There are 2 protein chains.
Amino acid sequence: MSEGGRGGVTIVDVARAAQVSTATASRALGGYGRISAATRERILAVADDLGYRPNDLARAVRVGRSSTIGLVVTDLANPFFAQATRAVVDTASALGHEVLIANTGEDAAAERRAVRVFVEKRVCGLVVVPAAGADHDHLFRPDGRPHLPLVLLDRRLPGRSAATVISDDLGAAREAVGLLAGRGHTAIGMIDGNSTVPGVARDAPAGLVSAAADRVEGFLAGLRDAGLEARRDWMLYATAAEPGAAEEAALTLLGSPDRPTAVVANNSDVALAVVMACNRLGLAIGRDVSLIGFDDASWTRAFTPAISVVARPVAGLGEAAVRELAAQIGGRPAASEPIVLPNRLVDRPSAAPRR
Amino acid sequence: MSEGGRGGVTIVDVARAAQVSTATASRALGGYGRISAATRERILAVADDLGYRPNDLARAVRVGRSSTIGLVVTDLANPFFAQATRAVVDTASALGHEVLIANTGEDAAAERRAVRVFVEKRVCGLVVVPAAGADHDHLFRPDGRPHLPLVLLDRRLPGRSAATVISDDLGAAREAVGLLAGRGHTAIGMIDGNSTVPGVARDAPAGLVSAAADRVEGFLAGLRDAGLEARRDWMLYATAAEPGAAEEAALTLLGSPDRPTAVVANNSDVALAVVMACNRLGLAIGRDVSLIGFDDASWTRAFTPAISVVARPVAGLGEAAVRELAAQIGGRPAASEPIVLPNRLVDRPSAAPRR
DNA sequence: TTGTAGGCGTTATCAC
DNA sequence: GTGATAACGCCTACAA
């Protein structure tokens with residue numbers, strides 16, 4: 001067995017070597033239709049001997065569909081998306097799908113290009129993290145329905161009707177503020193780190209992705225719950241594009257004499273920036289500044305004090321997205337309401353009582 | 001324009017609508033051969049109007065090759081591989097290739113399965129992070145040459161001849177030890193976190209991947225350079241599979257009264273574990289214990305003191321792997337010697353003089 | 001149970 | 001410059 005020809009061995013070669021027709025060979029190899037056990041064994045043996053490898057491209061052309069899904073992500077190197085990607089790949093694999101992957105870097109043109117290529121490769125469905133602030137016409141037909149089975153991951157597209165899988169970031173931010181307020185904090189700030197406008201902004205920039213906008217809204221709702229006023233100078237928006245922007249925002253927020261005693265950091269980069277800013281300013285987290293971040297990065301448990309976080313169901317999001325997509329591919333209509341997974345507030349010493 | 005039929009519109013439809021033959025339509029759409037500008041424009045307009053999308057599967061079958069490469073990784077959620085994956089995807093995209101991705105979780109069967117599927121999908125090449133301690137016959141023909149263009153990423157496969165892209169981890173570990181020795185440390189320990197045997201081992205387990213083995217060897221070479229003896233009880237091997245193993249190793253190493261004054265952590269999880277163990281044991285990093293880790297994780301700069309690290313050229317590795325693969329696909333013979341990229345030792349306060 | 005033959009959507013080789 | 005026509009490798013009526 002396994003002489004392993006140069007890859008050019010087709011089902012015709014197998015059929016000829018086994019002295020049967022290509023139809024019979026195809027039946028044996030594909031494991032369908034009526035065929036005698038004897039000939040099937042013989043054909044399989046011959047195929048193995050020749051090193052035959054089915055050509056899935058040809059099969060896909062013939063049957064009109066592939067088993068490949070496309071995954072379009074904004075930043076594969078971001079730990080959140082990396083973990084989600086892993087879940088997507090693992091789940092897809094378990095469901096018998098392969099995954100074509102593309103990275104857009106929040107660039108609309110790159111996303112458009114990726115989707116076009118995937119469509120030409122006849123993927124049977126798409127999981128997309130839509131790029132911030134871009135138009136997404138390329139995903140939809142004129143009648144507003146997606147060109148093909150589609151699931152949006154982590155970001156809603158307002159005004160569009162597409163299956164969407166997100167976590168309850170509004171509720172989590174609200175809960176985080178509630179926790180801080182319950183410990184006596186009345187001066188609570190927020191730093192967003194998902195903006196696409198350069199540098200640090202003091203007003204919510206247009207084009208914030210829904211996950212970020214939800215956190216801002218949840219923050220405001222939490223303040224309202226606690227009967228606190230929102231202060232414009234305690235809400236900062238740092239771009240995700242410049243590594244230094246989050247730290248600049250943290251220094252601005254905490255460097256002022258009139259600083260908040262607690263901060264909600266809307267992603268883990270910002271949480272890290274707050275830690276660094278406190279180091280720089282000589283402020284002690286948990287004493288001078290309480291902190292709750294988003295995303296349960298591994299380092300948050302290693303700090304003294306450990307950092308409280310909103311643990312997002314990152315693997316669950318990826319898995320749910322693929323399951324929803326597989327269902328659509330199977331013919332089920334797309335989920336009309338967003339699939340919302342719960343977050344988990346992990347209470348650690350960085351969220352301390354006000355002193 | 002863009003009525004966007006249901007996806008069933010083929011080149012035949014375009015040809016018919018433009019009143020030309022499929023050959024002419026193909027020439028116009030494919031941008032090759034001799035064709036008058038007028039008919040080309042007309043055909044392109046008609047194609048756009050019909051919402052024609054070329055079927056890349058059919059083209060691939062016809063021309064006998066696809067533009068897709070396969071990427072097989074052991075753990076997509078690991079920040080190192082996530083960043084490498086991003087570099088692979090970005091570079092491939094720039095070079096006109098798409099990327100099919102698979103995650104093996106260090107499981108040989110999963111790797112075998114992934115490679116088989118990718119071959120059946122007729123990828124034009126493979127970038128593989130080979131699973132630890134597995135046999136990799138499925139990548140090679142009986143004569144020892146790869147079945148198709150192949151590049152190994154981050155891990156050599158001893159005894160096999162395949163293009164390989166790695167970083168100089170031996171040199172980096174050696175240099176790290178040299179730095180510590182130069183600051184007066186004579187008691188230097190090491191914790192590896194890439195083992196596949198459960199728990200914590202006190203002797204180098206079999207089947208350590210080359211990147212890990214290189215670091216161990218570099219560590220020993222560094223000791224020799226400094227005229228220091230290697231102590232068996234100061235070299236621990238924690239499995240990557242159990243999150244707690246690295247911390248257990250760190251507690252074992254540093255909890256003893258006869259503990260080293262400096263530690264080299266062979267990946268960033270281990271570095272974090274050392275930090276946590278020091279917290280737990282009441283040891284101060286940079287004073288009681290000096291530390292140098294592998295991989296420049298973002299949190300290493302946020303600690304006080306900041307953690308010294310070996311910054312690996314992670315994006316460079318991914319890019320180099322794809323460039324080498326593309327060259328092979330273009331017909332160039334595979335690089336016969338490993339492509340070794342330099343590491344960079346980032347000296348921060350955690351690597352302090354001995355007190 | 002097996003074989004024949006046609007076609008999936010492309011591209012490429014011929015003629016004209 | 002353009003048009004028949006034959007592949008590419010596979011599946012699947014339909015016929016035997």
Of (1) under 20 Å from B:His97 (Cβ atoms); (2) more than 8 Å from DNA strand D (Cβ to nearest atom), A:Asp56 fails just (2)
Of the residues in segment A:113-132, those that are buried (at least 19 other Cβ atoms within 10 Å of the Cβ) and charged (D, E, K, R) number 2
**OP:** With respect to A:Ala45, determine if the residue is within 41 Å of the chain's Cα centre (by Cα) and either under 29 Å from A:Ala326 (Cβ atoms) or at pLDDT 95 or above (or both).
**Re:** no
Taking segment B:292-311 and keeping only residues that are within 19 Å of A:Asn279 (Cβ to Cβ), in contact (Cβ under 8 Å) with a residue 60 or more places away in the chain and among the hydrophobic types (A, V, I, L, M, F, W, C), one is left with B:Ala297
Reported set for segment A:272-307 where residues are farther than 24 Å from B:Ala250 by Cβ, more than 9 Å from every other protein chain (Cβ to nearest Cβ) and open to solvent by less than 20 Å² (accessible area, probe 1.4 Å) is A:Val274, A:Ala277, A:Cys278, A:Val289, A:Ser290, A:Leu291, A:Ile292, A:Gly293, A:Phe294
(Q) Take B:Thr196 and tell me if it is of a type in the set (Ser, Thr, Tyr), closer than 20 Å to B:Asp107 by Cα and open to solvent by 60 Å² or more (accessible area, probe 1.4 Å). (A) yes
Among the residues of segment A:133-147, the number that are modelled with pLDDT under 95 and either among the hydrophobic types (A, V, I, L, M, F, W, C) or crowded, with 22+ Cβ neighbours inside 10 Å (or both) is 1
- Query: B:Gly51: within 14 Å of chain A (Cβ to nearest Cβ) and more than 7 Å from DNA strand D (Cβ to nearest atom), yes or no?
  - Reply: yes
Residue set A:Leu208, A:Leu253, A:Leu220, A:Leu236; condition under 23 Å from A:Ile307 (Cβ atoms) and open to solvent by 10 Å² or more (accessible area, probe 1.4 Å); output residue A:Leu220
Apart from one, (1) within 16 Å of DNA strand C (Cβ to nearest atom); (2) modelled with pLDDT of 95 or more all hold for A:Val63; the odd one out is (2)
Sole miss for B:Thr261 among (1) hydroxyl-bearing (Ser, Thr, Tyr); (2) touching a residue at least 60 places away in the same chain (Cβ under 8 Å); (3) under 21 Å from B:Leu341 (Cα atoms) is condition (3)
Filtering segment B:110-157 down to residues that are basic (Lys, Arg) and away from every other protein chain (no Cβ under 14 Å) yields B:Arg155, B:Arg156
Of the candidates A:Pro130, A:Pro158, A:Pro198, A:Pro142, the one satisfying the condition of being touching an Asp or Glu at 6+ places or on another chain (Cβ under 9 Å) and farther than 25 Å from A:Ser268 by Cβ is A:Pro142
Exception for A:Pro260 within (1) open to solvent by less than 10 Å² (accessible area, probe 1.4 Å); (2) part of a helix (DSSP H, G or I); (3) under 26 Å from A:Ser167 (Cβ atoms) falls at (2)
Residues of segment B:79-109 being more than 8 Å from chain A (Cβ to nearest Cβ) and charged (D, E, K, R), in sequence order, are B:Glu106, B:Asp107
Per the filter on segment B:28-43, residues closer than 30 Å to A:Asp56 by Cα, touching a residue at least 12 places away in the same chain (Cβ under 8 Å) and more than 7 Å from DNA strand C (Cβ to nearest atom) are B:Ala28
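The values are calculated or read from the model by the stated rules, or taken from the named source; none is laboratory data. None of the values given here were measured: they were computed from a predicted structure. Here Cβ is always computed from backbone atoms with ideal geometry, including for glycine, and neighbour counts include all displayed protein chains. When the accessible area is computed, the model is the full protein with side chains, heavy atoms only, and any ligands, DNA or RNA have been set aside. Shrake-Rupley method; radii C 1.70, N 1.55, O 1.52, S 1.80 Å.
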